[in-house]
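Notes to accompany the following structure.
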């Protein structure tokens, strides 16, 4: 114990004697441990174990994937099909279903909208989470004649009722029906992101759509699940041919993957990126320890010559390396705590399961600590072991000359710097591509100007404004009131939000034959839609007031529809049949033939990444189906007009709830740019840290080599070498390392950036500008790291340097 205490004091004294090395080593380890722990914790809590539910790792969802389309497949089914999958499959222990719907709460103050979910009555038992207060929904609650009940989410209980327990057992007017609150769920229970859950039986006559989720039997693989479901899907496709593509496959994925979706890719990429950063940090610490151990050859040799055993020397250096590791780990944990808070703030809303509770993950922390400790021990002890096993005279002779020690382990140090440079260039290339992608997305031509547009969704009360005539009376009264508001330039009724699009379905064009299924998006619009959105009329005319008021069957179509289905023919005066309106169960429209009266410019209608889809714009008065909202073009920033817009809506009908009233720019920021922005911020932070560590690595190697070559530099200057010659010699040494590292890094980047393809927009994974830019950044960072040791070398006094002999 005494010897250990002595070794600890010796190690602390040695580290205190070199504060620059100590601080850099601890900070480097802390950055690597903190960043890796943060990212790996996010991956663990989002992709691997995000749910507090029973056997969540065995809960799966499946999709009927269209093999002829890149768009997402069908994962919701009406009860008749849902029950077939449930009853005919052989791989599931239990099955649940559900969907989302608006819940309107009527109070004496007015109507409030909440996010609701209808779920099969076995859902709460399936998930295995008891209520925080009261009880959950059970099968008896869904039996005919049972009193209506609901369960409330913790977030609604907190925000709306300030956690008042007395509301349990009370009756609330939900969608016009008195419904009793029977339970309040814990904070982490956020199934379907709902505020309120109500029960729904799987009635074959029900027209609602249910997502299919199930717990697979133990030992069953996803491949076996797909094989079991495929014959059922093929049989249903023959019964419901309009609801299934001609060629499809069954894609089975975990519950977590079905929620995270495309965000899983960027998290995986960032996990690889932070792994590279951790390797850079470890390589940097290894290089610093190698350089320091080489400089301590004489010290170790003297201790051995004075009688210290090999084990005593090794143990002392072991304790010193452990001190560095522990200090770096402690600071790394603090950085991880702050890093997780910062990272969570940047995660786009809805990109991860709301149940996920992101915190420091112990296995991730232990992995990062283990790698850092192994690095410190390996590169701290290996030189010591080599020193104590060789002739003690050699280190003393080397220290006297001050030359050969600088090259003894130089090759390994140089190799580590080259590796750091290559890894840093890889990180910088990824960050650069994401920068270019975000810039391309934000400058992409949407086909309209999204600025100064206010959007509001209007959920109508249960049983009100269901028919086309009722909706027409409401908007005929509302739109003139909105257009009369100061600061409002135009207002329109919408059923879909540009540029994200809305419902689409099968179409036919009389007189045209085709083998594939033709589809188009259906937009129900009012007379000022083109002016409000800023679309250009290319041919024909716009929808007229009389056509809107009379619910005439006329349509505007976009350029893509004309190009795809009419080619060089003139579409004006031709008819288009919207079969989705004919087959709608809520309000079927017989003979849904619409005359094309105009062609408008294309706008993005399937998100900002995907190509424009064919689209038909119809008078909103022809049908009462689909949800509705408003689009308001303002002269200035739209948000100050929110209260005025709300007042006008409630003046027309106080029972109409208003939700998601926001500017379109905010929608784009949250739902279109947030994912790329998150990837850019995190990858950029990793790349910046990696670049700093590389600069430190290059600086330490060049500075150390210069210090060990003081005698050689002195001889050169004594023999007539000028400062320019010395400066060039040192810079050539640095740029040789930088050049080799860049060649390896560029080759690795060209191969590795292909994995970013799905995250890029408007640029190639091999974008020349990005590769040139990051190469310049690496060269400049390397130049800065080499410059200061090089300038120090030019100031060597030949007389002082020669005294080293």
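The values are calculated or read from the model by the stated rules, or taken from the named source; none is laboratory data. Everything numeric in this text was worked out from a predicted model, so none of it was measured. Don't worry about glycine lacking a Cβ; one is built from the backbone with ideal geometry, like all the others, and counts go over all protein chains shown.
The set of residues in the stretch 758-772 being in a helix (DSSP H, G or I) and either modelled with pLDDT of 80 or more or over 15 Å from residue 675 (Cα atoms) (or both) consists of 768, 769, 770, 771, 772. Of (1) at pLDDT 90 or above; (2) closer than 27 Å to residue 671 by Cα; (3) in contact with a strand residue (DSSP E or B) (Cβ under 8 Å, 6 or more places away or on another chain), residue 475 satisfies all except one. Which? So residue 475 meets the others, but not (2).
Note on the stretch 1-46: residues that are at pLDDT below 85 and more than 30 Å from residue 695 (Cβ to Cβ) amount to 10.
Selection over the stretch 525-552 of residues that are crowded, with 17+ Cβ neighbours inside 10 Å, in contact with a helix residue (DSSP H, G or I) (Cβ under 7 Å, 6 or more places away or on another chain) and touching a residue at least 40 places away in the same chain (Cβ under 8 Å) gives a count of 4.
Looking across the stretch 615-632, the residues that are surrounded by fewer than 22 Cβ atoms within 10 Å (Cβ to Cβ) and within 15 Å of residue 499 (Cα to Cα) come down to 616, 629. Taking the conditions exactly as written (closer than 17 Å to residue 621 by Cα and either in contact with a strand residue (DSSP E or B) (Cβ under 7 Å, 6 or more places away or on another chain) or outside the structural domain of residue 469 (by TED's automatic domain parsing) (or both)), does residue 554 satisfy them or not? The answer is yes for residue 554.
Provide a single number: the residues in the stretch 497-518 that are in a strand (DSSP E or B) and crowded, with 16+ Cβ neighbours inside 10 Å.
6
Filtered by the rule that a residue be in a strand (DSSP E or B) and over 30 Å from residue 671 (Cα atoms), the stretch 580-612 gives 593, 594, 595, 596, 597, 598. The test for being outside any loop (DSSP other than H, G, I, E, B) and at pLDDT below 95 holds for residue 457. Within this structure, residue 411 fails the test of being modelled with pLDDT under 80 and not in a helix (DSSP H, G or I). Looking at this structure, is residue 97 surrounded by fewer than 18 Cβ atoms within 10 Å (Cβ to Cβ), touching a strand residue (DSSP E or B) at 6+ places or on another chain (Cβ under 7 Å) and in contact (Cβ under 8 Å) with a residue 12 or more places away in the chain? Here the answer is no, as residue 97 does not meet what is asked.
Counting only strands (runs of 3 or more DSSP E) that sit completely within the stretch 25-122, those holding 1 or more residues that are within 30 Å of residue 274 (Cβ to Cβ) correspond to 59-66.
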